[in-house]
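The values are calculated or read from the model by the stated rules, or taken from the named source; none is laboratory data. Being a predicted model, the structure only gives us computed values, none of them experimental. Quick reminder, even Gly has a Cβ in these numbers, built from the backbone with ideal geometry, and neighbours come from all protein chains shown. What goes into the accessible areas is simple: the full protein's heavy atoms, side chains included, and nothing from ligands, DNA or RNA. Shrake-Rupley method; radii C 1.70, N 1.55, O 1.52, S 1.80 Å.
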Amino acid sequence: MSKLIELDAVTRTFRTPFGEVTAVDRVSLGFDAAEVLCIVGESGCGKTTTGRLLAGLIRPSNGTLRYKGTDVWLKKGADLREFRKAVQLVHQDPYASLNPTRTVAQTLMAPLLHHKRVRGGRAATAAATELLERVGLAPARDFLEKYPHQLSGGQRQRVSIARALSVEPRVIVADEAVSMVDVSIRISLLNLLLSLRREFGVTIVLITHDLAVARYFGRDGRIAVMYLGRVVELGPSEQLVVDPAHPYAEALIAAIPEADPTTTRTKERIVLRSADVPSLLELPPGCTFHPRCPRFEAGLCDVVRPELVAIPGDREVACHIAVRERTGKQAALAT
Amino acid sequence: MSAVLSVRDLSIDYRTRRGPVRAVSDVSFELEKGETLAIIGESGSGKTTLAVSFIRLSPRSAVVRSGEILYTKGGLTTDIRKLDDDDLREFRWSECAMVFQAALNSFNPVISIWDQFLDTAQAHGMKDAKAVRGRADDLLELVHLDPKRVLRAYPHELSGGMRQRVLIAMSLLLDPQILILDEPTTALDILTQRAILDLLREIRQNLGFAMIFISHDLSIAAELADRMITMYAGRIVEKASVSDLFYRPRHPYSVGLLRAVPRVSGALGAIESIPGAPPDLIRLPPGCAYVPRCPFAVEACRAAVPPLVAVDTPNHDAACIRWQDVAAAVGNAERPVAVKLA
């Protein structure tokens, strides 16, 4: 069955004064309807660029973005408009993504009227009211005439989600959507996104640097771990967090401080060979993690680029060593 | 008793056109020599206002309504609020240094790291550049940086983790007794954050200074703290050892915070947000400010602000008239609260 939305071997490069940077390197990710996937990685790993590629905001340098089986960048007219409505992005910073000179009502009514979902002011107000109540801002009349600066961070993020919902999207890409709100209310925002998936079958892609958030959010979905522009591991969330296959994922999980003093102070550390993240301008040959990897094998890891390979448990990993151990097969040898 | 810092009944307001914002109310605590204290709470809880008041860096709109901040060294106790300008300069950095959240903003962008070290040292009376250089070399090695490379660099040439290390090294330049860190690792990547946390633990063990750090991130407190303070709406609502706070919290807000943070190891447990939002500090509700969000609240909670009282475990205070009911719900086992409540 073809996927609802799919990145097929997508690469995106950016030109900088210092040379060309490959922010996303041959990433393939497909999503079914109502699926949840969390893209996890540190800054510079390409997770935000991947999100923007998925939302069709930037054009792939190579590879294809497909929605319902056809290339998005070849779509025109009504077909393109359908895609634009179907995929919505919720940004990290609700202080920056809402127009400060527009009231909540104006913010929500603009897309409704633009996409002709409603006609006339009264119908638009009614629709905006319904949207606000759907995202937990009730009673809506307390919020409709407010400006963003009169709302808390959590409320603003709910308005952003309501705006995304106004066009009944099939896919929501949430880029660090909860990292700027207080810990006490993060979970309720995540639950709100999950309820949209449950009730309306929306596919949700959550981009985050926080693996604990990904584990909670993606309980019955998948996690993709990115490093320097590549997906290095992909699999069901719980398995990936409990038993990471890629040495980078393993190192990340071992390094995370946890809200439990006994656990966090006795966690086994993984010592990397180097603390320096290579520059995207000069990526190491072979596996880009090899200069830091504790399981590095000379002649293999620094020569052959590992591709994502299936391992038992419906998982994929891009690591020669992990693949060899988990499938018992001989990994590709250096030529 | 050997408290280096003793805060008594401290209350701080911000003057605004709408009226005074009660940012900090009736805060009292002691910081013992060599101890690490974590102050946790969400934004607007007053934790940063409190911390900057210790080095008198509060913005001009801040008014200390009452209270004392007592600093003790070599048997001599002084009230920081009464220091004159010269003594205050002496106190800052040489007795009490602060590392701020945004590492890049803490540097002068147009001078090299070496000049930043030299500037700081000279402002505090260390005139001998050679001696400063020796000290800078030692400190940078302490934070696992190469002095030759780093001292020549400008702030923008360093990565976020390196800048944070340089700031920590610089804060230790004058051998302070107290180091205050405001969200020390918030903007850093996981692997860098891990390195900084391990580093802070290591240098504190070696140098023996006391540390106060302010964070909304409970996991950092779990890593480093000996004791913890939970703040809500400008007040201390709980004071406890790190293990009591994580495993035996007695204030519903601490319980709420602990349940709001998912973990990567062990069971997820009953993860839940705290409903509602923090109160408006200009119009605080009567009685306990947490009532509108609190699952334990009863009518009596609205009558008066609950005082901090000793609870069932030693050296543990909570400002909740229903702490016994919280204790009954949470229990005493050494397990995370979210797991116990699942």
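In table form, for the structure just shown:
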{"read-out": "Dipole in debye (nearest 20) - region A:1-124, about Cα centre, beta carbon charges: Lys, Arg +1; Asp, Glu -1", "value": "760"}
{"read-out": "Residues in region B:188-203 occluded by at least 40 Å² - accessible area, probe radius 1.4 Å, against chain by itself", "value": "B:Asp189, B:Ile190, B:Leu191, B:Arg194"}
{"read-out": "Pairwise centroid distance, computed over Cα atoms, of region A:82-154 with region A:224-250, Å", "value": "36"}
{"read-out": "Helix-derived mean residue ellipticity, 222 nm - over chain B, DSSP H n ≥ 4, -39500 (n - 2.57), to 500", "value": "-9500 deg cm²/dmol"}
{"read-out": "Proximal lysines to B:Lys33, defined as alpha-carbon separation beneath 20 angstrom and excluding residues fewer than eight positions away on the same chain", "value": "B:Lys73, B:Lys239"}
{"read-out": "Accessible-area composition of chain A, carbon plus sulfur, in percent [1.4 Å probe]", "value": "50"}
{"read-out": "Sites matching trypsin sites (Lys or Arg not before Pro) across region A:143-238 that sit in DSSP coil, with at most 16 neighbouring C-beta atoms within 10 Å", "value": "A:Lys146, A:Arg219"}
{"read-out": "Residue-by-residue Karplus 3J(HN,Hα) for region A:66-75, coefficients 6.51, -1.76, 1.60, Hz, glycine and proline x", "value": "10, 10, 6, x, 10, 5, 4, 7, 9, 6"}
{"read-out": "0 to 90° range, to nearest 10: angle between helix A:104-114 axis and chain A longest Cα axis", "value": "90"}
{"read-out": "Label zone at A:Arg273, where the point sits 7 Å out along the Cα-to-Cβ direction: region A:303-317 residues whose backbone N lies under 13 Å", "value": "A:303-304"}
{"read-out": "Förster-model FRET efficiency, 45 Å R0, B:Ala300 and B:Asp175, C-beta, rounded to 0.05", "value": "0.35"}
{"read-out": "GluC sites (Glu not before Pro) restricted to DSSP loop in region A:3-89 with at most 11 other C-beta within 10 Å", "value": "none"}
{"read-out": "Over region B:212-342, relative contact order from alpha-carbon pairs under 8 Å, at least 6 apart, %", "value": "30"}
{"read-out": "Cα long-axis angle, helix A:77-86 against chain A (0 to 90 degrees, to the nearest 10)", "value": "80"}
{"read-out": "Note, ³J(HN,Hα) from phi for region A:262-273, Karplus 6.51, -1.76, 1.60, rounded to Hz, x at Gly and Pro", "value": "5, 4, 5, 8, 10, 4, 6, 7, 10, 8, 7, 6"}
{"read-out": "Signed unit charges on C-beta, dipole axis of the protein assembly as shown, positive-most listed residue A:Val40, B:Pro275, A:Val202", "value": "A:Val202"}
{"read-out": "Given charges at beta-carbon only (K, R positive; D, E negative), |dipole| of the protein assembly as shown in Debye", "value": "2200"}
{"read-out": "Helix-only [θ]222 nm of chain A, DSSP H runs n ≥ 4, -39500 (n - 2.57) each, per residue, nearest 500", "value": "-10000 deg cm²/dmol"}
{"read-out": "Dimensions (Å) - chain A, Cα atoms, principal axes, largest first", "value": "69, 52, 43"}
{"read-out": "Cα gyration tensor, the protein assembly as shown - rounded (a/c under 1.5), prolate or oblate", "value": "oblate"}
{"read-out": "Cα-based shape type of region A:203-294, given that a ≥ b ≥ c are square roots of the gyration tensor eigenvalues and the cut on a/c is 1.5", "value": "oblate"}
{"read-out": "Accessible area of region B:270-321 belonging to carbon and sulfur atoms, whole % at 1.4 Å probe", "value": "61"}
{"read-out": "Cα-based helix-to-principal-axis angle, B:85-94 vs chain B, degrees rounded to 10", "value": "90"}
{"read-out": "Förster radius 56 Å - calculated FRET efficiency between B:Ala333 and A:Leu113 (Cβ-Cβ, nearest 0.05)", "value": "0.50"}
{"read-out": "Carbon plus sulfur fraction of accessible area for region B:35-180, probe 1.4 Å, in percent", "value": "50"}
{"read-out": "Max mean-square fluctuation residue, GNM over chain A, Cα-Cα springs under 10 Å, options A:Ala254, A:Ala212, A:Ala298", "value": "A:Ala298"}
{"read-out": "Number of partner chain Cβ atoms within 10 Å, mean per residue of B:239-248", "value": "2"}
{"read-out": "Listed residues A:Ala126, B:Thr77, B:Leu308: farthest to the positive end of the dipole of the protein assembly as shown (Cβ charges)", "value": "A:Ala126"}
{"read-out": "Peptide A:237-247, shielding by other chains (average Cβ, 10 Å cutoff)", "value": "1"}
{"read-out": "Calculated from backbone phi, Karplus (6.51, -1.76, 1.60) coupling profile of region B:263-276 in Hz, x at Gly/Pro", "value": "10, 9, 10, x, 6, 5, x, 8, 8, 7, 7, 8, x, x"}
{"read-out": "Prolate/oblate/rounded label for region B:1-109 (Cα gyration tensor, a/c 1.5)", "value": "rounded"}
{"read-out": "Total accessible surface hidden between B and A, rounded to 100 Å², 1.4 Å probe", "value": "3300"}
{"read-out": "Buried on assembly, region A:168-204 (at least 40 Å² less accessible surface than by itself, 1.4 Å probe)", "value": "A:Asp182, A:Val183, A:Ser184, A:Ile187"}
{"read-out": "Loop sites in region A:129-232: GluC sites (Glu not before Pro), DSSP, at most 13 other Cβ within 10 Å", "value": "A:Glu145"}
{"read-out": "Per residue solvent-accessible surface (Å²) - region B:1-91, probe of 1.4 Å", "value": "49"}
